[in-house]
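The block underneath contains the structure these notes are about, expressed in structure tokens.
What follows draws every value from the coordinates through simple rules; no lab data is involved. Because the structure is predicted, anything quoted here is derived from the model rather than measured. With ideal geometry, Cβ positions are generated from the backbone for all residues, glycine too; neighbour counts draw on all protein chains shown.
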Amino acid sequence: MRIGLVTDSTGYVSLEDVEKYSIAVIPLKIIYPDGQVFNETALNWKEYFSSLKTAKKLPTTSQPSAGEFENIYKSVFDKGCDEILSIHISSGISGTVQSALMARENFQDKKIEVFDSFHTAMGLGFQVLEAANLIKENASLADILSCLSYMRDNSKLLFMVDTLEYLHKGGRIGGAQAMLGSMLQLKPILTIYKKVETYDKVRTRQKALDRLVEEMEKEVQKAKGRFKLGVLHLEAPETAKYLEEKLKVLVPDISLSVIGPCVGTHVGPGTVGVCITHLP
């Protein structure tokens with residue numbers, strides 16, 4: 001059985017890997033305050049993040065429609081696939097999974113497995129790439145789903161937010177909290193598992209970076225087998241390089257990824273993160 005792989009744009013899988021594994025990517029949307037709507041993948045990311053720095057009101061983000069999912073599923077089946085595995089951003093932070101499930105109802109005679117990753121960004125990307133490799137090795141859909149279930153429950157994704165400004169503009173924290181946090185040089189560390197939560201609040205940028213490295217060290221030490229380790233960033237290549245060099249002491253093969261508009265709108269430029277995913 002030939003399995004087609006579908007994911008959404010928030011996994012930020014590289015174009016090279018998308019083409020290599022024939023992954024169908026459905027974009028999430030950016031909605032500007034004036035009502036203009038753009039696919040995340042169609043934006044000039046550099047210009048977009050530059051505009052965020054002066055925006056009084058942030059754009060919002062939205063999932064693809066069920067109709068868009070129907071179109072992409074149809075195109076995958078038309079290419080000769082017998083089954084589809086559709087892996088997406090956590091349903092706790094986006095309606096993308098729900099749109100996929102609605103679209104699946106119109107393919108009653110076809111096998112479409114919609115998988116909630118419980119993550120986004122690199123946490124999602126690692127799952128997609130492992131699924132792609134397993135499909136290439138002719139693994140069954142059941143075996144792939146078993147692997148993905150293990151991965152999503154054995155992953156840690158941490159973001160260090162450089163400024164509280166975007167959390168405030170997006171309504172995640174109040175103005176007084178943002179002002180006090182800035183005065184105290186607080187650097188929130190966020191985590192994602194089903195939903196976004198505060199993992200810790202660390203004083204100063206350097207201490208926060210050290211904390212990210214320490215958390216990955218703990219995860220590597222308790223690893224029982226294979227794992228994927230990576231660094232992600234939003235317009236912070238030098239900081240990402242610093243984290244990469246620190247983590248290379250643990251393992252030489254470090255994955256690197258950027259954060260795009262849909263995730264980046266909520267955390268802002270300067271954000272860096274680390275991710276580890278254990279494999280069965």
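Less than 14 Å Cβ to Cβ from LYS241, Lys/Arg counted +1 and Asp/Glu -1: what total charge do the surrounding residues give? Intermediate values should be presented prior to the final figure.
Details: positive: LYS246, LYS248; negative: GLU235, GLU238, GLU244, GLU245.
Here the charged neighbours net out to -2.
Using the Cβ atoms and a cut-off under 13 Å, what net charge is assigned to the surroundings of SER99, where Lys and Arg are +1 and Asp and Glu are -1? Display every interim value, and only then the final one.
Working: positive: LYS29, ARG104; negative: ASP8, GLU68, GLU70, GLU105, ASP116.
Neighbourhood net charge equals -3.
What does the highest-first list of 263-274, 94-105, 211-222 look like by mean Cβ count within 10 Å? Present the calculation step by step, with values, prior to reporting the outcome.
Working: 263-274: 24.2, 94-105: 19.8, 211-222: 15.7.
Packing order, densest peptide first, comes out as 263-274, 94-105, 211-222.
Hey, fewest Cβ within 10 Å first, where do PHE38, PHE115 land in order?
Values: PHE38 16, PHE115 21.
Fewest-to-most ranking of PHE38, PHE115: PHE38, PHE115.
Under 25 Å from the Cα of LYS228, which lysines turn up, not counting those fewer than eight places away in the same chain?
Those lysines meeting the cut-off are LYS20, LYS136, LYS156, LYS194, LYS195, LYS207, LYS218, LYS241, LYS246, LYS248.
Considering only the chain, what is the antiparallel percent among its DSSP beta bridges, to the nearest 5?
On the way: 30 of 48 bridges.
Among the beta bridges of the chain, antiparallel pairing accounts for roughly 60 percent.
Between the DSSP loop rule and a limit of at most 13 other Cβ atoms within 10 Å, which trypsin sites (Lys or Arg not before Pro) in region 236-280 are left?
LYS248
Net charge within 11 Å of VAL128 by Cβ-Cβ distance, Lys/Arg positive one each and Asp/Glu negative one each, not counting VAL128 itself?
Details: positive: none; negative: ASP8, ASP17, GLU130.
After counting each charged neighbour, the total is -3.
Take the alpha carbon atoms of region 204-280, find their center, do the same for region 17-94, and report the distance between the two centers in whole angstrom.
24 Å
How do the peptides 124-137, 56-69 rank, highest first, by the average count of neighbouring beta carbon atoms within 10 Å per residue?
Details: 124-137: 21.8, 56-69: 17.4.
In decreasing order of mean packing, 124-137, 56-69 become 124-137, 56-69.
Relative contact order for the chain: what is it in percent, counting Cα pairs under 8 Å that are at least 6 residues apart? Don't jump to the answer; show the numbers that get you there.
On the way: 529 pairs, mean separation 59.7, N = 280.
It comes to 21 percent, rounded to a whole number.
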